[in-house]
Structure formats: structure tokens, C-alpha cells
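Okay, structure first, notes after.
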Number of protein chains: 2
Amino acid sequence: MGVTKTAAFTADQNELAAMAKALAHPARIAIIEYLIRVNACICGDLVEELPLAQATVSQHLRELKEAGLIRGNIEGVSVCYCLDAARWSELRDRMGAFFEQARQAGTTCC
Amino acid sequence: MGVTKTAAFTADQNELAAMAKALAHPARIAIIEYLIRVNACICGDLVEELPLAQATVSQHLRELKEAGLIRGNIEGVSVCYCLDAARWSELRDRMGAFFEQARQAGTTCC
DNA sequence: ATAATTCATCGTAATATTGCAATAAATAAA
DNA sequence: TTTATTTATTGCAATATTACGATGAATTAT
């Protein structure tokens, strides 16, 4: 039917998938990398930095904001964006735990 | 236009995004968690484990296989799946580096 | 050889994502 | 007030994803 059966999976599985989804586009990776580099910037900076139209950049920013990975503070006529440190730590921990789990499991295939 | 501008981003950005995309669905998270738990299993086990039809499970398995995260070995009439340890390590390292980068950056927002 | 089992693939429908032009909204500058 | 400036939102087109029934391909059992 073309819609994910969210209710059929655990909250943990859905949350981890949602976090991964927020990172599942090169533009959003680029936005985050840029934010890491400059610490904070306004939307216009990203429009210059990325090969995308302003509307498209704004859309990607909204997705990152909805995933809680970044925050946007209105400063006069512009909006200042930066990583949400707390949420970012959570993501790192969740992903880290996920990978650690796999590391400890045996990896001998059939 | 509804198509990601892959060529406009770096290989690194595209690869990281592709890895994240492979994890960006609860069913695929569930598949990987199950594989971690049982180490290896056949496709039929996953069909019983997941609330999805066989065709859908097979499709998710293909995506994970194409991302290189799992391997499938034909064993008679069934197919045995397991995590690809090497690729999994690579993913962990790439993600880890990404998060580490963010951790070292300042996090004071505007 | 025939039937059963297991999985992949095809075709299709429903929905989501990506991208942009155009426009709206909100603030600052003249 | 009028005009820029900056960003979000709307509307649309193109494409991708998700899901499943039906069918095909390969192997094993009878």
C-alpha cells in the first residue's frame, strides 16, 4: 500500500529508523557537516553553500528540525541554525549501542 | 524534479547518506536486530518474525544486501542471511567519525 | 516425473520524497 | 509608508518507496 507499517514495529525500531531517515540524504549530511564546521549559520549561508534552490534547502532544514537534530533561532529577519547538542548526543548513543550490539554478536555466516 | 541531485554532492556525503538510508526503515532495523540475535537465519524465519508479507521481506533483504550490510548464501532450497561483518565495521567507523566530528565542534547556538 | 518448499521477481497501487518557481510572511532599512 | 531582505509555505511535477498478490526459478522430496 506504499505506507510504512509503523504500528507493527517497536517504538525503539521506529525511532532509530526515523533518525537514520533524517540522515538519509546527501544534502542533509552536507548541512550537518557545514553546521559542524561553522558552528552556526543562517539559512542564506546554506543556500550559497549547497547546489539547491532556497525552497529546497528550507525543506531539508525543516526535516532536520522535525527530527530534532538542529534548532533554528529567529534573529531579526534571518534564522540562525545550529546542531541540537543534546539530541545529537542521544543519536550518537543510540547508534553506538546499535553498532556495539552487532560487534559483540558472532559474525560467522552460514 | 523529484530526484536527488547525487552528482552535486561528494562521494563521502552520498555514501554516508546511502548507509543511513539502508537503516531508514523499521523493518530493516528489525531484520538487523534479529540477525544480531540469532547470528544467521533463513528468509522464512524473518517472514515469521516480521509483520510483513514474504515479498516485502524479500524486498527489504535485497536493499540491505545492495547496501552491503548483509549477505545471503544459497543453501539448497533456502537462503541463509547474516550480517556482513567487514561492511558493518566500516559503517560503524564512518558513523562514529561523523558523530565524533560533531562532538568536538562547539555547540553553542546563536 | 510430479509435487512441495523456499525465495526472488514482476506488476501494480498507494503514498512519500525531492526539487523548484511563485508567493506569502515577517522584519529591517529607506 | 514603501522597499528590500530573508525565510517559510504552497502548489506542482517527477521520481522513489512501501506493500502485496501472483508468478517464476531453483532445489528437494515423493
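Listing for the model above:
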item	result
Residue count for region A:33-44, restricted to those that are assigned to a helix (DSSP H, G or I) and either closer than 20 Å to B:Ala24 by Cβ or within 7 Å of DNA strand D (Cβ to nearest atom) (or both)	3
Filter result for the condition that a residue is open to solvent by 50 Å² or more (accessible area, probe 1.4 Å), at pLDDT 95 or above and within 12 Å of DNA strand D (Cβ to nearest atom), over B:Ala24, B:Ala53, B:Ala67, B:Ala17	B:Ala53
Complete set of residues in region B:26-37 that are within 9 Å of chain A (Cβ to nearest Cβ) and more than 9 Å from the chain's Cα centre (by Cα)	B:Pro26, B:Ala27, B:Ala30, B:Glu33, B:Leu35, B:Ile36, B:Arg37
Residue list for region A:27-46, filter: open to solvent by less than 40 Å² (accessible area, probe 1.4 Å) and out of contact with any Ser or Thr (no Cβ under 7 Å at 6 or more places or on another chain)	A:Ala27, A:Arg28, A:Ile29, A:Ala30, A:Ile31, A:Ile32, A:Tyr34, A:Leu35, A:Ile36, A:Ala40, A:Cys41, A:Leu46
Residue match in region B:71-83 (condition: under 20 Å from A:Glu15 (Cα atoms) and within 13 Å of DNA strand C (Cβ to nearest atom))	no
Residues being more than 17 Å from B:Ala17 (Cβ to Cβ), facing chain B (nearest Cβ under 7 Å) and part of a loop (DSSP other than H, G, I, E, B) - total across region A:51-107	3
Tabulated pairs, region A:52-77, first of a type in the set (Asp, Glu), second open to solvent by 20 Å² or more (accessible area, probe 1.4 Å), C-beta under 9 angstrom, 6+ apart or interchain	A:Glu63/A:Lys21; A:Glu63/A:His25; A:Glu75/A:Ile42; A:Glu75/B:Cys110
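The values are calculated or read from the model by the stated rules, or taken from the named source; none is laboratory data. Bear in mind the structure is a predicted one, so any value in this text is a computation, not a measurement. When we count neighbours, we look across all protein chains shown, and the Cβ atoms used for this are built from the backbone with ideal geometry, even at glycine. What goes into the accessible areas is simple: the full protein's heavy atoms, side chains included, and nothing from ligands, DNA or RNA. Shrake-Rupley method; radii C 1.70, N 1.55, O 1.52, S 1.80 Å.
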